[in-house]
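What follows is a set of notes on a single structure, which appears directly below.
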Amino acid sequence: MADNSLPRRRFLLRAGTAVAAGLAPAATLAQTKPAAPAPGTGTSEPESSLVLTSTETAFFSAVADCMIPADELSPSGTDCGVVTFIDRQLASAWGGGAKMYRGGPFRKGKPEYGYQLSLTPKEFFSAGIVAVNAWTRKTMGKDFDALASQDRVNALKGLEDGKAQLTGINGKQFFEALLDIVMEGFFADPMYGGNKDKVAWKMVGFPGLPALYKNLIVQYRGKKYDAEPKSIADFS
């Protein structure tokens, strides 16, 4: 698997650029995603989830570790708290579709129209997990989290390429939603549950709250600025 870990991380380059510029990755299912803040910095996966079932936790854990394998760049996605982040997001007002129009009618639209379903983000991910597990059981004999590492990669590629035939869910759209929320969990401020010990920020050299560094721009122009990243929680 060592040969496959770095190619699987190529998506981090896109997300890392956004974080280094002080931007949050765009949300897939709504224009605004209110997070569910929690005291302190990110921690390991919780003993009990807020809204995720054991099946959903296993699925998100397998996806996070497939997209972010433990290697010389960082610990695995689950060890970085990605599933904690996802659980808190789906338990939040955003996860319940608080700012989404859900009155219909819901017609099949072009991809550029964005999300066009009546499901809340929590419902969308739950339905997607059921559909993916049914598809992998049919094609590979097991639920996604029970697949061998390379089979997980192949399954995700099938979703990404639009080749997976899911029941009731667009596989490509579901993959893009998974990718977005995993990236957000990896790069978000640790106070939201992911990016434990600021490992993602350290990996890309992001110093944290950007407003605190304006007075150092001239001093470090053309030079490497190497400092311990600062979270919102560090100033709370």
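The values are calculated or read from the model by the stated rules, or taken from the named source; none is laboratory data. Computed from a predicted model, the values in this text were never measured in an experiment. Please note: Cβ atoms are built from the backbone with ideal geometry, for glycine as well, and neighbour counts cover all protein chains shown. Surface accessibility is based on the protein's heavy atoms, side chains included, excluding ligands, DNA and RNA. Shrake-Rupley method; radii C 1.70, N 1.55, O 1.52, S 1.80 Å.
For this structure, a couple of remarks:
- Scanning the range 39-77 for residues that are β-branched (Val, Ile, Thr), open to solvent by 20 Å² or more (accessible area, probe 1.4 Å) and at pLDDT 95 or above turns up 51, 53, 55, 57.
- Boolean, residue 120 is at pLDDT below 95, open to solvent by less than 70 Å² (accessible area, probe 1.4 Å) and assigned by TED's automatic domain parsing to the domain that holds residue 200: yes
- Test for residue 226: is it acidic (Asp, Glu), part of a helix (DSSP H, G or I), open to solvent by 10 Å² or more (accessible area, probe 1.4 Å) and over 24 Å from residue 123 (Cα atoms): no
Residues are listed down the side, and each one gets a yes or a no for (1) in contact with a Gly (Cβ under 9 Å, 6 or more places away or on another chain); (2) under 25 Å from residue 158 (Cβ atoms); (3) open to solvent by less than 30 Å² (accessible area, probe 1.4 Å); (4) not in a loop (DSSP other than H, G, I, E, B):
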position	(1), (2), (3), (4)
83	yes, yes, yes, yes
87	yes, no, yes, yes
90	yes, yes, yes, yes
137	no, yes, no, yes
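- Residue match in the range 196-214 (condition: within 15 Å of residue 63 (Cα to Cα) and crowded, with 20+ Cβ neighbours inside 10 Å): no
- Here residue 218 clears all of (1) of a type in the set (A, V, I, L, M); (2) part of a helix (DSSP H, G or I); (3) surrounded by fewer than 14 Cβ atoms within 10 Å (Cβ to Cβ) except the condition numbered (2).
- Some residue of the range 159-182 being crowded, with 23+ Cβ neighbours inside 10 Å, in the same structural domain as residue 88 (by TED's automatic domain parsing), touching a Pro at 6+ places or on another chain (Cβ under 9 Å) and in a helix (DSSP H, G or I): yes
- In the range 113-135, the residues that are in a loop (DSSP other than H, G, I, E, B) and polar (S, T, N, Q): 116, 118, 120
- Residue within the range 99-111 that is open to solvent by 10 Å² or more (accessible area, probe 1.4 Å), at pLDDT below 70 and either aromatic (Phe, Trp, Tyr) or not in a loop (DSSP other than H, G, I, E, B) (or both) present: no
- Remark: pairs (first residue in the range 71-85, under 13 Å from residue 57 (Cα atoms) and assigned by TED's automatic domain parsing to the domain that holds residue 61; second residue of a type in the set (Asp, Glu) and in a loop (DSSP other than H, G, I, E, B); Cβ separation under 6 Å; 6+ apart in sequence or on different chains) = 78/45; 83/45; 84/45.
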